[in-house]
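**Student:** Before we start, here is the structure in question, set down as structure tokens.
Bear in mind that the values in this text are calculations on the coordinates, not laboratory data. What you see is a predicted model, and the numbers here were worked out from it, not measured in a lab. Neighbour counts are summed over all protein chains in view; Cβ atoms, including those assigned to glycine, are modelled from backbone coordinates with ideal geometry.
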Amino acid sequence: LYPERDPESMAKTSTDAVQRVYLEMHERLYRTLLGYSGSRAIAGDALAEAFAQALAHLEGIRDVQAWVWRTAFRIAAGELQRRAKEVHGELDRAQPPTFTEPLDHLLRALQSISAKQRMAVVLHDYADLPNDEIARVMGIARATVYVHLSQGRKRLRSILEDSNEDLG
Amino acid sequence: MKTWDRDRLRALDQAGVPNTWPEIERRATVAAGSNQAVLFQGDATSSRRRITAMVVALALGGASLLLVFTVFGGLNDGTPASPPGIFFPTLKEPANGYPAALAVGTLTNRNGCIVLQQGTTELLLIWPYGTTLQQDQTGALRVWRSDGSLIAKVGDYVNIGGGAVGEAGRELHFVEQLIGKSVPSRCWVGAGGYFMTSGDATEPLVGS
């Protein structure tokens, strides 16, 4: 009935578009999620679930890249919250991550600041996302992003310098 | 006073990145159902393409039939896409507006009913038309809007918009009219009541 529409080729085109976005940004997204969550499991799960849902709901998504960032961080935030409740705030302390230095040092410092500060810092200073997009990912006003970013940087710098002095 | 050096974050570049694409494809297939499985048949032969086209045609035909029944209220059971055994009521048709109240609590799967747990009381949530509940391979349940955006994950502590529905003593009857099906007795709620949500949820972040 509709010879010009080949469902398989249309589906494949859509999949290819999402896969291109994946290839372009999954490393940066994964590492940003890792910086935020401190957990390989959460970072990998949030990334995989966000892309999977993008594939499954592609027709309703205008900007796949922005959508995946928002969804992945929302999933990661929810998972962090769930785990924190389950272990009464003792997230990952019973099983500290085994990363090599200086990554381990950085991740521990990041876990010492608030979740919103951490999200603002990694999205801005590592992922280089535009401020408007950071505000959308975090679900807050752009001006509030600056507040979290400023406070997060200040605390993180203090923590990293203190620990460097201890090491020295 | 020293300035912040963002290059400190470059240590994240050390982290190895797993190839999650196969897992993404697998999850997407589960999420989208059998009619989307064709997305991932890379080098299909012409024979396989014909089979795929038939499957797609059958799926589209089935979807069209379902749509017709839904429009006329024939098959709409209020649970367009929820895992087996879980009651996930949605409005049987799009709403023009929602109450503007706010409910706060933990989205909980209580005995196969998705409720908002508020201490010892709970609200049975009535979701907007087109909302779906999906379960991933880890068992996690997530609520999605019809446009594919995430509302929340079961287990999240959320602030959610909407309002209580029905007059005292008649709530259940009213809810069943809204969703076009019966509410199983295991999902009847007591003191909390029934809450028609707009699906606008925010979740406080950890440590904030």
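**Student:** With θ set to phi - 60°, apply the Karplus curve 6.51 cos²θ - 1.76 cosθ + 1.60 along region A:32-38 and write out the HN-Hα couplings as whole Hz, x wherever there is a Gly or Pro.
**Tutor:** Once θ is set to phi - 60°, the couplings for region A:32-38 become 5, 5, 5, x, 6, 8, x Hz.
**Student:** List the relative contact order of region B:80-121 as a percent without decimals, with contacts defined as Cα pairs under 8 Å and 6+ residues apart. Spell out each step's value before the answer.
**Tutor:** Working: 28 pairs, mean separation 15.1, N = 42.
It comes to 36 percent, rounded to a whole number.
**Student:** Quick one: which residues, 5+ away or cross-chain, put their amide H under 5 Å from the amide H of B:Ser182? H built at 1.01 Å from N.
**Tutor:** none
**Student:** Please list, in chain and number order, the residues 5+ apart from B:Ile126 or on another chain whose amide H is under 5 Å from its amide H, with Hs placed from the backbone.
**Tutor:** B:Phe195, B:Met196, B:Thr197
**Student:** Using a Förster radius of 25 Å, what is the FRET efficiency between A:Asp128 and A:Arg20 based on their Cβ-Cβ separation? Nearest 0.05, please.
**Tutor:** 0.85
**Student:** What does the highest-first list of B:122-128, A:114-120 look like by mean Cβ count within 10 Å?
**Tutor:** Details: B:122-128: 22.9, A:114-120: 24.4.
For the peptides B:122-128, A:114-120, the packing ranking is A:114-120, B:122-128.
**Student:** Over all alpha-carbon pairs of region B:118-161, lay out the pair-distance distribution in 5 Å bins, whole %, shortest bin first.
**Tutor:** The distribution over region B:118-161 is 5, 18, 28, 26, 15, 7, 1, given as percents.
**Student:** Residue by residue through region B:119-135, which ³J(HN,Hα) values in whole Hz follow from phi under the Karplus form 6.51 cos²θ - 1.76 cosθ + 1.60 (θ = phi - 60°), with glycine and proline marked x?
**Tutor:** In residue order, the calculated couplings are x, 8, 9, 8, 10, 7, 8, 9, 9, x, 3, x, 6, 10, 10, 10, 10 Hz.
**Student:** Which order do the peptides A:69-80, B:10-21 come out in when sorted by mean C-beta neighbours inside 10 angstrom, highest first?
**Tutor:** A:69-80, B:10-21
**Student:** From the P(r) of region B:89-128, could you give the percentage of C-alpha pairs in the tail past 10 Å?
**Tutor:** When all Cα pairs of region B:89-128 are counted, 74 percent exceed 10 Å.
**Student:** Please report A:Glu101, B:Glu171, A:Glu49 as a ranked list, fewest other C-beta atoms within 10 angstrom at the top and most at the bottom.
**Tutor:** Fewest to most other Cβ atoms nearby, the residues stand as A:Glu101, B:Glu171, A:Glu49.
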